[in-house]
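The values are calculated or read from the model by the stated rules, or taken from the named source; none is laboratory data. From a predicted model like this one, the values you see are computed outputs, not experimental measurements. Neighbour counts run over all protein chains shown; Cβ positions are idealised from the backbone, glycine included.
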Amino acid sequence: MSQRSKLRHSREQWKHKARQRADDNRYLRKELARIKRERDHHQQALSAAEARLHAYERAPASRVVQTKADVIELALKLFLEARLSFRAVSRALKSLADVLGLKRPPCPQSVINWVMRLSIVRLQSAALPRGSALRAAPFSNGWLWLIDISITLGAGKILAL
């Protein structure tokens, strides 16, 4: 083989290797760009999901009970419709505090006060019986009030009429 032929042959081999390296590099650059795009897409999706999760955790709208009136309504429904005792209403709201979004569940005395206020409002809004003798006592609205304000002491109860 002549020197020129050897030079031409080695140059062809060099060109072939250079093309092969260029093809490999081009493929790797495209693959790297694709992987980076996918990574960026997944990172954005992760950031969006974390933002939605934090918004969900902080959202006050997710609370079932949003105002004190809602707590009172729920307590009165438990007492009147579910026929739970005052303490049972308090315990039920205490056990459901996390689910309902309550910071402090009401104590039994609060439930007693709410029921008493509801009773007074219902008595005051009751229809007046007809008769002139009842008009002389406007506070009673024709009803007889029996109020039991007592304190439990030990095994007995002190009644105040």
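Per the listing Ser85, Ser5, Ser47, the residue uniquely over 30 Å from Val115 (Cα atoms), under 56 Å from the mean Cα position of the chain (by Cα) and polar (S, T, N, Q) is Ser47. Give the residue that is surrounded by the fewest Cβ atoms within 10 Å (Cβ to Cβ), with candidates limited to residues of segment 71-107 that are more than 30 Å from Glu57 (Cα to Cα) and touching a Phe, Trp or Tyr at 6+ places or on another chain (Cβ under 9 Å). Ranking the candidates gives Ser85 first.
One residue stands out among those in segment 52-73 that are within 16 Å of the chain's Cα centre (by Cα), of a type in the set (A, V, I, L, M, F, W, C) and assigned to a helix (DSSP H, G or I): the one that is modelled with the lowest pLDDT, which is Ala61.
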